[in-house]
Amino acid sequence: MITDLEMLLRYFDRFHQRTVRDVAALPSAAEFWRPARGEGEKAWSIAEIVNHIAESRLYFASAYCGRGWLYDWPVPSTERQSGWVPAIEASAAEFRRRLEGSPPEWLQRRVRMIDTDGMLSGWRIMMMLFEHEVHHRSQIDTYAGLEGWDVPHIYGRSRESIDDLQEEQRRRGGG
């Protein structure tokens with residue numbers, strides 16, 4: 001459970017930096033890339049996924065702030081790769097602007113879902129935002145991997161580098 005807005009916003013800042021890192025690492029070949037088949041969300045280009053990440057942050061913020069589950073923020077253009085990071089950065093700034101100074105009780109306040117009579121607390125809406133963005137960031141990283149493009153390691157470590165440290169870890173008594 002998240003009980004402190006400043007802690008949530010600090011986490012968001014670090015989380016946002018990982019999204020920027022992954023989007024910025026994409027090569028120029030990613031600019032017009034899209035899956036070979038599929039329809040709807042299954043056929044989104046990387047540009048469309050980046051746009052969706054940027055707009056969705058404000059969708060969740062709108063619900064959190066009690067304004068409804070609305071896409072109510074005009075995303076800067078993501079048609080060209082040069083606009084991807086600026087759009088993500090702009091969405092982070094707007095997200096922070098909307099949440100900063102909100103009452104602490106909003107983290108516990110219950111909000112009606114868009115499609116059911118169910119209710120979610122504000123902190124759970126924020127968790128939905130994070131899980132949603134991880135889903136789409138992973139989608140981009142998977143596409144990059146399938147294309148043979150470099151994919152940043154989430155914590156700067158590869159499986160192979162961890163494998164190299166296993167014997168030393170065992171000697172220290174770590175398992």
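The values are calculated or read from the model by the stated rules, or taken from the named source; none is laboratory data. Since the model is a prediction, treat every value here as computed from it, not as a measurement. Cβ coordinates were reconstructed from backbone atoms using ideal geometry, including for glycine residues, and neighbour counts include every protein chain displayed.
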Can you give me the number of residues within the range 36-90 that are in contact with a Gly (Cβ under 7 Å, 6 or more places away or on another chain) and not polar (S, T, N, Q)?
-> 2
Which of the residues spanning the range 139-164 are of a type in the set (Phe, Trp, Tyr) and either part of a loop (DSSP other than H, G, I, E, B) or in contact with a His (Cβ under 9 Å, 6 or more places away or on another chain) (or both)?
-> TRP149, TYR155
Would you check which residues across the range 147-157 are loosely packed, with under 10 Cβ neighbours inside 10 Å and either modelled with pLDDT of 90 or more or on the phi < 0 side of the Ramachandran plot (or both) and list them?
-> GLY148, TYR155
Every residue from the range 1-45 that is more than 23 Å from ALA92 (Cα to Cα), assigned to a helix (DSSP H, G or I) and among the aliphatic types (A, V, I, L, M) | ALA29, ALA43
Out of the range 3-12, which residues are exposed (fewer than 11 other Cβ atoms within 10 Å of the Cβ) and either of a type in the set (S, T, N, Q) or touching a residue at least 12 places away in the same chain (Cβ under 8 Å) (or both)?
-> THR3
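Please find, within the range 46-78, the residue that is farthest from LEU107 (Cα to Cα) out of those that are hydroxyl-bearing (Ser, Thr, Tyr) and in a helix (DSSP H, G or I).
SER56
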Within the range 80-91, which residues are buried (at least 19 other Cβ atoms within 10 Å of the Cβ) and hydrophobic (A, V, I, L, M, F, W, C)?
-> TRP84, ALA87, ILE88
Do we have any residue at all in the range 36-56 that's under 26 Å from GLY156 (Cβ atoms) and in contact with a Phe, Trp or Tyr (Cβ under 6 Å, 6 or more places away or on another chain)?
-> yes
How many residues, within the range 113-146, are under 20 Å from PRO35 (Cβ atoms) and either surrounded by fewer than 16 Cβ atoms within 10 Å (Cβ to Cβ) or more than 19 Å from the chain's Cα centre (by Cα) (or both)?
-> 6
So which residues in the range 49-79 are farther than 19 Å from HIS16 by Cβ and either buried (at least 21 other Cβ atoms within 10 Å of the Cβ) or among the hydrophobic types (A, V, I, L, M, F, W, C) (or both)?
-> TRP69, LEU70
Identify the single condition in (1) within 22 Å of SER56 (Cα to Cα); (2) modelled with pLDDT under 95; (3) among the aliphatic types (A, V, I, L, M) that LEU165 does not satisfy, given that it satisfies every other one.
-> (1)
